[in-house]
1. Can you say whether Ile417 is among the β-branched types (Val, Ile, Thr) and either on the phi > 0 side of the Ramachandran plot or in contact with a helix residue (DSSP H, G or I) (Cβ under 7 Å, 6 or more places away or on another chain) (or both), as far as the supplied structure shows?
2. Could you check the stretch 142-156 and list, in sequence order, the residues that are crowded, with 19+ Cβ neighbours inside 10 Å and part of a helix (DSSP H, G or I)?
3. Considering each residue of the stretch 98-126, count those that are in contact (Cβ under 8 Å) with a residue 60 or more places away in the chain and among the hydrophobic types (A, V, I, L, M, F, W, C), and give that number.
4. Restricted to the stretch 21-66, and to residues that are open to solvent by 80 Å² or more (accessible area, probe 1.4 Å), of a type in the set (A, V, I, L, M) and in a loop (DSSP other than H, G, I, E, B), which residue is farthest from Phe10 (Cα to Cα)?
5. Identify the residue in the stretch 355-383 that is out of contact with any helix residue (DSSP H, G or I) (no Cβ under 9 Å at 6 or more places or on another chain) and of a type in the set (D, E, K, R) and, among all such residues, is least open to solvent (accessible area, probe 1.4 Å).
6. Scan the stretch 211-226 for residues that are touching a strand residue (DSSP E or B) at 6+ places or on another chain (Cβ under 9 Å), more than 13 Å from Leu159 (Cα to Cα) and surrounded by 15 or more Cβ atoms within 10 Å (Cβ to Cβ) and report the count.
7. Which condition from (1) open to solvent by 60 Å² or more (accessible area, probe 1.4 Å); (2) closer than 23 Å to Ala111 by Cβ; (3) more than 50 Å from the chain's Cα centre (by Cα) is the one that Arg8 breaks?
8. Does Glu122 fit the bill of being open to solvent by 30 Å² or more (accessible area, probe 1.4 Å) and among the acidic types (Asp, Glu)?
Amino acid sequence: MQRFLAGRTFGIVVSLAIVAGIAFLYRQVLLVNQTTVALTLLLAILAVSAVWGMAVSVFMSVVAMLVFNYEFLPPVRTFTIADPQNWVALGAFLVTAIIGSQLSARIRRQADEAHSRRREIERLYKFSQKLLGEGNVIQLMNAIPNYIVESFEAGAAELFLPQKEKFYRSGYGASHLDEEKMKTAFLRDELTIEPQQSVYFVPVRLGVRAIGSLGISGATLSRQTLDAVSGLVAIAIERARAVEQLSQTEAERQGERLKSALLDSVTHDFRTPLTSMKAAVTSLLGSGEVAAQQAHELLSIINEECDRLNHLVEEAAEMARLEAGEIELTYAPTSIEEIVQGALALSKSSLGGRGIQVKVAKDLPLVEADLGRAQDILVKLVDNANLYSPKEEPITITAELNGDYVTTSVADRGPGIDDLEQGMIFDKFYRGKDQRYLVRGTGMGLPIAKALVTAHKGTIGVTSQLGHGSVFSFSLPLARNVE
């Protein structure tokens, strides 16, 4: 109120100064006729009404009429009007000034309303953008009051959801809002406005059904804006719930697919060694006397198949630990040469006499890696190339600098992978459709390698051409602060 009165007072003072200035200019400096003076005063009144409104412009109109009469209508310097026609001119001047002021004030008011509506629309758009950015229901509930405060410059905001009997508050003093009035707004499904305190209690409706209520204080909002905020909040809550439900459905679907893949892997990959072990044990038990050499061969089969079963279980357990984030990596500056040599040493028994070509660029910088786990990545890729390419063909390992990463590649001359399967080759238990029954394996080697590369904040991928082989590559970030 004080600012309003101060603005009006300043406007009155300025209007008096303008009238006095026009009177002085046309009386002492420029000698003009009465029509010019009247039009100049009318223009000044319209300008004042556009800035300070109707009240100040009416006051200025009366003052301008008196000055016009006193200074420019004969007899000059008196308020007496000699010519009756001047009464008509003076009255027309006053009526024109007041009507013009009213029209100008109305245009100004309409412009202010349009500007206010535009600002509200911009705020609603900003508010809706924030709501759409949240997909988690719990996070959304906690964020809505803060979004209202930020978007509409409110003092405090609060959300009440009856299903949970819980209030979600902004961090700006929302505890001052009356919780009983919040509940009443929901139960009665009606808007409550307390204009003196600028407090609003708004039901949150989804269609014709109230699902909660909002409390907002410290902001000036129209009824239309409040209804829009209520609708946006209701839609955002239902959207977040739908997204969450869809995610759960997708997780269940993926779980079923994983179970099916695991069952397929168990039935195929576990049954084969168990069958071999069973046959060997049956032969040992069924024969009264077994030659030492034959017994040794049967026991070797049992030993190899036990190792294979143990390897399958270890891979499954390692995949589970990686997905659960239970494996801690110890990062240190590591050379690619050390990773390659360590991986080849670990793969020596499985490679046998397989030819390996190593082409590592000279003076490669160190990478930030866990040495043991980085070697595991390369071991998985080398084993994959060994399984899926002819034994007489060599495997090529290369390493080169690629921006802020060092990229290591393993190339084979196997049958290749078609474009459709390249997008699934790193999925758990997935194996090529043409190779799954020809080559032993669980389909977990590449997923484990991918999980380890991701833990190193690196990337992994494959390029392949049918009939010409595949190249699996992974990149590790350069070590930092290395002197």
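1. No.
2. The answer is Ala143, Ile144, Pro145, Tyr147, Ile148, Val149, Ser151, Phe152.
3. 1
4. Leu31
5. Glu368
6. Final tally of qualifying residues: 4.
7. (3)
8. The answer is yes for Glu122.
The values are calculated or read from the model by the stated rules, or taken from the named source; none is laboratory data. Because the structure is a prediction, the values reported are computed rather than measured. Every residue, glycine among them, receives a Cβ derived from its backbone with ideal geometry; neighbour counts consider all protein chains shown. The area values use the complete protein model at the heavy-atom level, side chains included, leaving out ligands, DNA and RNA. Shrake-Rupley method; radii C 1.70, N 1.55, O 1.52, S 1.80 Å.
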